[in-house]
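The values are calculated or read from the model by the stated rules, or taken from the named source; none is laboratory data. The structure displayed is predicted, hence computed values, not measured ones. Backbone-built Cβ (ideal geometry, glycine too); neighbour counts: all protein chains shown.
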Amino acid sequence: MLRETYDYKLKPTLKIVNVVTSTKVFPCISIEKLAISLPHVIYEPETFSGLIYRQIFPKSTIIMFASGKITSTGCPSVNSSKKSISSIIFEIEKVMKTSLTQTAISIENIVGVSYISKKIDLKTLSKYSSAISYDKDRFAGAICTINKMKALIFSTGKIILVGAKTENELSLTNKMVLHLLKDTHSV
C-alpha cells in the first residue's frame with residue numbers, strides 16, 4: 001500500500017483507495033455458464049450485458065463480458081488488482097474446462113486520497129490558474145487538471161486524485177498539488 005509523508009508544514013498522507021485493471025481473454029467466455037456456476041454473481045442481460053462478480057479474496061468487483069474483456073475494480077493496490085484478475089481467470093478455466101490466453105493486464109486508473117491538516121480556501125485557489133475550476137453551486141470542491149489527471153480538492157483538506165496509470169504518477173501529481181496549494185497561499 002502506498003503511503004507517503006512529506007516535510008512540508010502540510011504533512012499529507014497519500015493512500016491508494018482503488019485500482020482499476022483490465023485484460024482480455026481468448027477464446028470468448030460463456031457468461032451464461034459462469035452466471036450459473038460462480039457464487040456472488042449478478043447477471044441481468046436485459047439491463048447490462050456484463051456479468052458482475054463480487055470476489056471475496058482479494059476483495060474486488062470483477063466485470064466480465066462475453067467478448068473476453070475482464071475488468072477488476074475496488075482493490076487498494078496494483079498487486080491485489082492483478083491478483084484478482086489472475087484469480088478469476090483461474091476460476092473461469094475451471095468452469096469452462098479450457099485454457100485461456102490473456103493479454104497483458106493493463107492499469108486503467110489508480111485513485112488516491114491525500115489529506116492535509118489545514119483548511120483550503122477554494123475561492124483563492126480557483127483564481128490562481130485556468131487549470132482549476134470551482135463553482136460552489138455545482139460541486140463542493142475545486143477541480144484541478146494536472147498531467148491528464150484530476151485532483152478534486154476540498155476545503156476540509158481532502159484531495160482525491162483520479163486518472164493515474166502508475167503509483168509514481170499518482171505520487172508526483174500529489175506533490176504538484178501540494179506545491180500549488182503552498183504557492184497560492186490557499187492553506
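Tabulated values for the structure
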item: Scan of segment 94-128 for residues that are of a type in the set (V, I, T) and without any contact (Cβ under 8 Å) to a residue 24 or more places away in the chain, ordered by number; result: none
item: Only listed residue being outside the structural domain of S67 (by TED's automatic domain parsing) and touching a Pro at 6+ places or on another chain (Cβ under 7 Å), chosen from L122, L152, L178; result: L178
item: Subset of segment 74-101 that is farther than 14 Å from I62 by Cβ and within 14 Å of the chain's Cα centre (by Cα) - its residue that is surrounded by the fewest Cβ atoms within 10 Å (Cβ to Cβ); result: N79
item: Contacts under 8 angstrom Cβ, first residue in segment 65-93 being outside any loop (DSSP other than H, G, I, E, B), partner of a type in the set (S, T, Y) and surrounded by fewer than 16 Cβ atoms within 10 Å (Cβ to Cβ), 6 or more apart; result: E93/S99
item: Residue among F65, F57, F48 that is within 24 Å of K165 (Cβ to Cβ) and not assigned by TED's automatic domain parsing to the domain that holds G163; result: F65
item: Selected residue (criterion: surrounded by the most Cβ atoms within 10 Å (Cβ to Cβ)) from residues of segment 112-141 that are among the polar types (S, T, N, Q) and assigned to a loop (DSSP other than H, G, I, E, B); result: S129
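Each row is one residue, and each column tells you yes or no for (1) within 20 Å of Y53 (Cα to Cα); (2) aliphatic (A, V, I, L, M).
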| site | (1), (2) |
| --- | --- |
| S67 | yes, no |
| K83 | yes, no |
| A104 | no, yes |
| K136 | no, no |
| A140 | no, yes |
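Listed here are the residues, each with its yes/no results for (1) at pLDDT below 95; (2) in contact with a helix residue (DSSP H, G or I) (Cβ under 9 Å, 6 or more places away or on another chain).
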position	(1), (2)
I120	yes, yes
K123	yes, no
Y128	yes, yes
C144	no, yes
A151	no, yes
F154	no, yes
G157	yes, no
K165	no, no
